[in-house]
Each structure stands twice: as C-alpha cells, then as structure tokens.
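A short write-up of the structure that comes next.
The values are calculated or read from the model by the stated rules, or taken from the named source; none is laboratory data. Since the model is a prediction, treat every value here as computed from it, not as a measurement. As a convention, Cβ positions derive from the backbone with ideal geometry for all residues, glycine included, and neighbour counts pool all protein chains shown. Heavy atoms of the whole protein, side chains included, go into the accessibility calculation; ligands, DNA and RNA do not. Shrake-Rupley method; radii C 1.70, N 1.55, O 1.52, S 1.80 Å.
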Amino acid sequence: MFSLFKKRSPPSGKLTLKSRVEQFWEWYAQSAQRFYDVIESGRCPSLANAVSSKVDELLPGFAWVFGPGEGGRGHSFTISGEGVLHRQLLAIYCINRAPKLAGWTFYASRQPGSIEGIQMEIGGHKFDPMEFWITPKIDCEAEKIDITVWHPLFAHFHEESKRLSPLFLFLDEVLGEFGTEQ
C-alpha cells in the first residue's frame, strides 16, 4: 500500500533529527558550565572549534553564535537556519527542546544588539562598522530601494559576496537575523 503520510524510518545507522537534537542538548548541558566560564574569562573564540564540530556533526547546515543573555543577564546560545525557511523551522524545533540551564538563554535566530566597539576580522583585515558608507536610492517606478555600499577594505576582496559578508554580519548584529532579512 502507498501512503504519502507514512512515517519513514531513517536509513540504517543514521539518527533521526529528534535523536540528534536530544544528543546535542545532552552534550550542551554537560558542557554549559565550562562554556559559561570560558566566556566569562574573555576567551570565547577558543570555543569555536568544539562547538562547530558538534553542530556540524549533529545539526549540519545550521549556524550558531554565543551572545548576551536575556536582559543582559548571563549568556545566550543561538542556533540559526540562516534565513532558510525550512531550516529556520527546524532551528525553532531545536531551541524548543533546549534544557533549562541557569544563566543561559537560547534563541532560534540572531537577536538585535549593539555594534558599539565591535570590530570583525576577516582574512587578516579588521572591519569597523562605522567605516561603511551606505547610500540608498529610491526607485519609485519599480517600488524598491537600491543600496550602494562602500568600505575602504573592499579593494582587498574581489568577490562581491566576500565584500558584503561583513556588512550582513554587522546588520545581523544590529537588527537581528529577521530584521536584516526584512
């Protein structure tokens, strides 16, 4: 019998999303105090390899970031589908399964924040968000806004996507992931 709604079993040896999410949060709960302590000591970048490795293993295709906790208390951990709708829905599912951990807030998308005093290093070049020049031009006939962006370091990056990556990362930081997308 053929059924569109038949529950499929994962291929032999592969875990379901539910199992992978459960394993991820078990690992995170065991590591949470160490993460908290490392972030408090100002060594957050040292966590990147371990966290990226576990996210890639259990939640491939998702982005992640540490940040401030709700109301500026504690810390946060964000898992994001990076604007890809079906992955964003899965990120919401994942965050809804997060354990309650003292000092931690969990988000399914980048939250709005501040860029005050923040710089970003890409390819050995430090980007300062205050050095971006952004010029909007309204196209009334097409009912859209065209934006021209310039930064003094753009000359070092030949691919447009690499030039604009820092801008979108800064926009995510200021507007949040959904604000930037809108």
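Annotations for the structure displayed:
- Among 139-145, 153-159, the order from most to least packed when residues are scored by Cβ within 10 Å on average: 153-159, 139-145
- Of the solvent-accessible surface of the chain, computed with a 1.4 Å probe and all protein chains present, 54% belongs to carbon and sulfur.
- The modelled label-to-label distance between Thr148 and Arg73, using points 7 Å beyond Cα along the C-beta direction, is 4.9 nm.
- Scattering curve values for the range 1-154, log₁₀ I(q)/I(0), Debye with Cα scatterers, q = 0.18 Å⁻¹: -1.18
- With a Förster radius of 22 Å applied to the C-beta separation of Ser19 and Ser53, the computed FRET efficiency comes to 0.75.
- Counted charge near Arg97, where neighbours are those whose Cβ lies closer than 13 Å (Asp, Glu -1; Lys, Arg +1): +1
- Approximate spin-label separation Ile122-Ala155, in nm, with each point projected 7 Å along Cα-to-Cβ: 1.8 nm
- Highest-first arrangement of 84-93, 167-176, 113-122, where packing means the average Cβ count within 10 Å: 167-176, 84-93, 113-122
- Amide H partners (placed H, <5 Å) of Gly113, local residues excluded: Val174, Leu175, Gly176
- Two-site label geometry, Lys162 and Ile92: point separation in nm, points 7 Å out along Cα→Cβ: 3.6 nm
- Accessible surface computed residue by residue for the chain, with neighbouring protein chains in place and a 1.4 Å probe, gives 68 Å² per residue.
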